[in-house]
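Quick notes on the structure that follows.
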């Protein structure tokens, strides 16, 4: 597949992932345009995190195809990884390193030009320039998550995956996190797994519901009525796991 201006940010065609005899993903298909914000909902065990792991090249699918910005995830996973940032409830930071050291490490791994300047810019953006020389283990949960956002954006990814990023955050930290996400949405595609229906729906441009590894619903938000969608979601949660 060749990347081009008209390539969707994400194209999934019959994605399947099996663990033994259980299908965590079962022929998942959808197309997401560049600049969109996709919220993924569903009960525990529906395949939401597995889908993120496949799309972020952390797990290879058992069947089907997927691409990011026109790059085939199976044929060119290393190239696709350069387009991806990941934010989750796990920070993926080294607690004994300082905020600056953590970000410099990731910047150098991604081959960022002038990593010192990029790291300084991001620490300013997340409001932690004054704590740049402090070990991450001394940070609150909210502060750690802010460094995690900077880590995910250090190489200026085109697609950012968020796996339950609000887990464990207090209201003030959630407010800061929301502001940071909003300030970085331009020219970027976001995909978020969420159990918070109201918040996830408010943030998204597209909504996807999974159950038992299958797509129950996928549509642009402007084609959905929230009350009807909420009822579908409640019925889907009742389906449980595969």
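The values are calculated or read from the model by the stated rules, or taken from the named source; none is laboratory data. All values reported here derive from a predicted model rather than from experimental measurement. With ideal geometry, Cβ positions are generated from the backbone for all residues, glycine too; neighbour counts draw on all protein chains shown.
The table that follows gives values for the structure above.
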item: Members of region 201-242 found to be exposed (fewer than 14 other Cβ atoms within 10 Å of the Cβ) and within 30 Å of residue 121 (Cβ to Cβ), listed by number; result: 202
item: Filter pass, residue 35 being part of a loop (DSSP other than H, G, I, E, B), assigned by TED's automatic domain parsing to the domain that holds residue 195 and closer than 22 Å to residue 185 by Cβ; result: yes
item: Meets criteria (more than 14 Å from residue 85 (Cα to Cα), surrounded by fewer than 17 Cβ atoms within 10 Å (Cβ to Cβ) and in contact with a strand residue (DSSP E or B) (Cβ under 9 Å, 6 or more places away or on another chain)) for residue 198; result: no
item: Subset of region 52-88 [in a strand (DSSP E or B) and touching a helix residue (DSSP H, G or I) at 6+ places or on another chain (Cβ under 7 Å)]; result: 66, 68, 71, 85, 86, 87
item: Residue list for region 92-101, restricted to those being surrounded by 21 or more Cβ atoms within 10 Å (Cβ to Cβ) and assigned to a loop (DSSP other than H, G, I, E, B); result: 93
item: Test: residue in region 135-142 that is part of a helix (DSSP H, G or I), over 20 Å from residue 54 (Cα atoms) and touching a strand residue (DSSP E or B) at 6+ places or on another chain (Cβ under 8 Å); result: yes
item: Selection status of residue 49, closer than 25 Å to residue 207 by Cα, surrounded by fewer than 20 Cβ atoms within 10 Å (Cβ to Cβ) and either touching a helix residue (DSSP H, G or I) at 6+ places or on another chain (Cβ under 8 Å) or at pLDDT below 95 (or both); result: yes
item: Unmet criterion (only one of (1) outside any loop (DSSP other than H, G, I, E, B); (2) in the same structural domain as residue 56 (by TED's automatic domain parsing)) for residue 195; result: (1)
item: Count - residues of region 162-192 that are in contact with a strand residue (DSSP E or B) (Cβ under 9 Å, 6 or more places away or on another chain) and either in the same structural domain as residue 51 (by TED's automatic domain parsing) or not in a helix (DSSP H, G or I) (or both); result: 12
item: For residue 104: the one exception among (1) assigned to a helix (DSSP H, G or I); (2) over 21 Å from the mean Cα position of the chain (by Cα); (3) under 25 Å from residue 167 (Cα atoms); result: (3)
